[in-house]
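Asks: Provided herewith is a single structure, encoded as structure tokens, for subsequent inquiry.
Every number in this text was worked out from the coordinates using simple rules, so none of it is lab data. This one's a predicted model, so the numbers in the text were calculated from it and none came from an experiment. So basically every Cβ, Gly included, is an ideal-geometry build from the backbone, and we count neighbours across all protein chains shown.
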Amino acid sequence: MSARQDIILEARELTKRFGHPPNFMRQSSLVHAVTAVSLSVRRGETLAIVGESGCGKSTLGRLLLRLIEPTSGSAIYEGQEITALKQREMRRLRRELQIIFQDPFASLNPRMTVRQILGEPIRLHRLASGRDVDDRVDQLMRTVGLRADWSDRYVHEFSGGQRQRIGIARALAGDPKLVIGDEPVSALDVSIQAQVVNLLGELKQDFGLTLVIVAHDLAVIRHMSDRVAVMYLGEVVELAAADDLYEAPLHPYTSALLQAIPVSDPAARGQRQLLQGDLPSPTAPPSGCRFHTRCPHARPLCSQDHPALEPAGDRRFVACHFWREIQSAGVSVPAATARRSALEMRLGLYRARQAERTQADR
Amino acid sequence: MTLASQTEIVAPRRRFRGLKKLARNRGALFGGAIVLFFVLLAVFAPLIATHDPFASSFTNVRKPPSAEFWLGTDEIGRDIFSRLLYGARASLMAGVVSVAIALAIGVPLGLIAGYFGHLIDGTISRFIEALLAIPSLILAIALAAALGPSLMNAMLAIGVAATPIFVRLTRGQVLAVKTEDYVEGARAIGLPHGLIILRYILPNVLPPVVVQVTITIASAIIAEASLSFLGLGQQPPNPSWGSMLNTAKNFMSQAPWMSIFPGGAIFLVVLGFNLLGDGLRDALDPRDN
């Protein structure tokens, strides 16, 4: 496996700013959505891009597919700089690069039947014609777990989970190589989320897809991704294999995100260090490290010097001046155990009381 | 799932669903019937007419409705019923043709302006705003005067004057629709701009346009009346409802039948088009059944 060959999609210093630069009429309203992001997606892997809302993760997803034009930087797919392609060439390439949208209610044309929706990319890219298109549509419906004879219905006749399956079927219709899921399950009920996550996993296996999943929920991501890129205010602050990241987060922002995951077992709850304050405005990102305004470990250097994404161990990257020191300081273990013993005591009391009650009832 | 496969409900292919829905809508049917009724009257006017619509008679000036003259006579003794039939031709044409012209120019311009934005939008929108600054009837009068007096030129003038409404309406709708995820989805599969506009934008923009069409047909019929009154529309002695109404207004108290019948005809046709348009809008929407 040579390192160059197995990279399917690459971002090089991708930057996107929205709005107008300042002029004599008005002040600057430039939103720094994505700033100089470089990362690569390996063939066959599932890469997750996570971060809180407004961090630019969806914008990055769209830049990678060139659904929006970057302000600077480039996206490279299969060694081809797609950000430099002509519109016509780009359209031909779109068959291989697909996207699943967050909101299954907004992402399907309400005036088309499912057959038309799924048939469109097939006809457009001339993958089939005539009767064969219908066969392929039926096959796609079954692939995503829907009944083929439902395909003459309009999308409003389906539930949210079913619509998302239709959205997935449409993304698959052109036989893609890479699919970006823009928060593909966050608009769905929790009970449906697991189904759709599993479906994506199966399809990835069956079709040999590469997946890029944009999400804000680390709990959902853990089960499906190989690597995770953590974004904060338009920058990647940590990039690591999923297991490494969840076991030992290096960047303080990553640990804060992980601590925000609800834990169902009270005994397993450690001490939480929740982030204070809001995400700073992306129109005026903080100086130095963009996270220093909310970082519990911030020092004077952090507000002056911008940390670059540097290698930290095996295929791992982090953008923090002090990640080594924070790592060696470790987690505050005693506090966690103290809480645990207090909890045990209260649980013991509760059980004793319950036992007394059942005794009295008899 | 097992239950569903046991009670196999085979969904019929729903191809004529819109038409069926239109047929179920009583208001639309009624509206359609009115419009059809007047269209038939206009087409078969020579067969139905009881008198020559152009023949004046000085012995029968301003006669009230009678067995001889069903709807009475006008100020030079012409039969109002017969003139109403022939006038239906000019008035329906004026309504439909001028709105068709406005649609044909306005909707594509609105689609292009809204979809592509930037300089294209700026150019089209500024031009349309300039047109809007002139009252549409004045604009129509100026155009009709410049083109020369004839019914065709009047229709053209009314059509051009009604265009800005359609451009603005369409553009506004496009701006709302083009931010929808499904439009981005269409770009994501590599659909060219033309097909995106045709398959994704246009169908979702159309419903309010259809309603606007029915309203504009009504005002176009009345605008034709105004132009005819000025001698820029239907040329006398050819009748149109508008020109009949315009002469009738001088005899409101002495001969009310002269204004009641053409006025009632305009009212009914406008009502018919409005009901039809409402039904059409509902039938075009697959969401509510």
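Asks: Return the average number of partner chain Cβ atoms within 10 angstrom of each residue Cβ along peptide B:197-210.
Replies: Other-chain Cβ atoms within 10 Å of each residue's Cβ, averaged: 1.
Asks: Which whole-Hz ³J(HN,Hα) couplings does segment B:157-170 yield from phi under the Karplus relation 6.51 cos²θ - 1.76 cosθ + 1.60, θ = phi - 60°, glycine and proline marked x?
Replies: 5, 5, x, 4, 5, 8, 4, x, 4, 6, 4, 5, 4, 5
Asks: Which whole number gives the average, over all residues in A:117-126, of C-beta atoms from other chains lying within 10 Å of the residue C-beta?
Replies: 3
Asks: On to the next question. Tally Lys/Arg at +1 and Asp/Glu at -1 over every other residue whose Cβ is under 11 Å from the Cβ of B:ARG187; what's the total?
Replies: Result for the local shell: +3.
Asks: While we're looking at this one, here's another question. Could you size up the charge dipole of the protein assembly as shown around its Cα centre, putting +1 on the beta carbon of Lys and Arg and -1 on that of Asp and Glu, and report it in debye to the nearest 20?
Replies: I would put it at about 380 debye.
Asks: Residues of A:88-99, mean number of Cβ from any other protein chain within 10 Å of their own Cβ, rounded to a whole number?
Replies: 3
Asks: At a Cα cut-off below 30 Å, give the lysines reachable from B:LYS20, other chains included and same-chain residues fewer than 8 away excluded.
Replies: Partners within reach: B:LYS178.
Asks: Now for a separate question. Sort largest first and round to whole Å: the equivalent ellipsoid semi-axes of segment A:170-303, each the square root of five times a Cα gyration tensor eigenvalue.
Replies: Computed over segment A:170-303, the values are 30, 19, 13 Å.
Asks: Any lysines with Cα under 29 Å of the B:LYS249 Cα? List them, leaving off those in the same chain fewer than 8 positions away.
Replies: B:LYS63
Asks: Given N residues in segment B:200-289, what is Rg(Cα) / (2.2 N^0.38 Å)?
Replies: Dividing the Cα Rg of segment B:200-289 by 2.2 N^0.38 Å gives 1.42.
Asks: Ok, one more. Quickly work out the B:ALA33-to-A:LEU349 label distance, labels modelled 7 Å from Cα along the C-beta direction, and quote it in nm with one decimal.
Replies: According to this spin-label approximation, the distance is 8.1 nm.
Asks: Determine ³J(HN,Hα), in whole Hz, for all residues of segment B:77-83 in sequence, where each value follows from phi through the Karplus function 6.51 cos²θ - 1.76 cosθ + 1.60 and θ = phi - 60°; x replaces Gly and Pro.
Replies: With coefficients 6.51, -1.76 and 1.60, one gets x, 8, 6, 5, 4, 5, 5 Hz.
Asks: With charges only on Cβ, +1 for K and R and -1 for D and E, what is the dipole size of segment A:1-160 about its Cα centre, in debye, rounded to 20?
Replies: Value, rounded to 20: 420 debye.
Asks: Give me the Kirkwood hydrodynamic radius of segment B:137-183, using the inverse of the mean 1/r over all pairs of distinct Cα atoms, in Å to one decimal.
Replies: With all distinct Cα pairs of segment B:137-183 included, I get 12.3 Å.
Asks: Also, I was wondering about something else. If you put +1 on each Lys and Arg Cβ and -1 on each Asp and Glu Cβ, how big is the dipole of chain A around its Cα centre, in Debye rounded to 20?
Replies: 460
Asks: Going toward the positive end of the dipole of the protein assembly as shown, with +1 on Lys and Arg Cβ and -1 on Asp and Glu Cβ, which of A:TRP150, B:LEU40, A:HIS223 do you reach last?
Replies: Of the candidates, B:LEU40 comes out farthest on the positive side.
Asks: For the peptides B:263-269, B:273-279, A:299-305, B:239-245, what is the packing order when you average, over each peptide's residues, the other Cβ atoms within 10 Å and list the highest mean first?
Replies: The packing order, highest mean first, is B:239-245, B:273-279, B:263-269, A:299-305.
Asks: Regarding segment A:7-225, what are the three Cα extents along the principal axes, ordered largest first, in Å?
Replies: 59, 39, 38
Asks: Shifting gears a bit: Just name one of B:ALA146, B:LEU227, B:LEU195: the one whose Cα is farthest towards the positive end of the charge dipole of the protein assembly as shown (beta-carbon charges, Lys/Arg +1, Asp/Glu -1).
Replies: B:LEU227
Asks: Output needed for the protein assembly as shown: three equivalent-ellipsoid semi-axes, defined as square roots of 5 times the C-alpha gyration tensor eigenvalues, in descending order, whole Å.
Replies: Output for the protein assembly as shown: semi-axes of 67, 30, 25 Å.
Asks: Obtain the nm distance between the two label points defined at A:HIS306 and B:HIS193 by a simple spin-label model: each point lies 7 Å from its Cα along the Cα-to-C-beta direction.
Replies: Placing both labels 7 Å beyond Cα along the Cβ direction yields 3.4 nm.
Asks: Just to confirm my numbers, what's the Cα centroid distance between segment A:203-250 and segment B:241-289 in Å?
Replies: When both Cα centres are located, 65 Å separates them.
Asks: On to the next question. Which helices, taking whole DSSP H runs in chain A, have alpha carbons extending 15 angstrom or more along the helix axis plus mean Kyte-Doolittle at least -0.5?
Replies: Membrane-span-like by this rule: A:114-124, A:160-173, A:190-207.
Asks: Please report Rg (one decimal) and Dmax (integer) in Å for the Cα set of segment A:129-170.
Replies: For segment A:129-170, the Cα-based Rg and Dmax read 10.0, 30 Å.
Asks: While we're looking at this one, here's another question. What's the local net charge at A:TYR232, with K and R +1, D and E -1, over the other residues with C-beta under 15 Å away?
Replies: -1
Asks: Using amide H atoms built in the peptide plane, which far-off residues or other-chain residues are under 5 Å from A:MET231 H to H?
Replies: A:VAL50, A:GLY51, A:VAL237
Asks: Which order, highest average first, do A:347-360, A:127-140, A:224-237 follow once you tally other Cβ atoms within 10 Å for each residue and take the mean per peptide?
Replies: Averaged packing, sorted descending, gives the order A:224-237, A:127-140, A:347-360.
Asks: How large is Rg over Rh for segment B:72-284, taking Rg from the Cα atoms and Rh as the Kirkwood inverse mean of 1/r across Cα pairs?
Replies: With Rh from the inverse mean 1/r over Cα pairs, Rg/Rh is 1.08.
Asks: Would you please give the FRET efficiency between B:VAL211 and A:THR358, computed as 1/(1 + (r/R0)^6) with r the Cβ-Cβ distance and R0 = 41 Å, to the nearest 0.05?
Replies: After rounding, the FRET efficiency stands at 0.05.
Asks: Quick check: net charge around B:MET258, other residues with Cβ under 13 Å of its Cβ, Lys/Arg +1 and Asp/Glu -1?
Replies: +2
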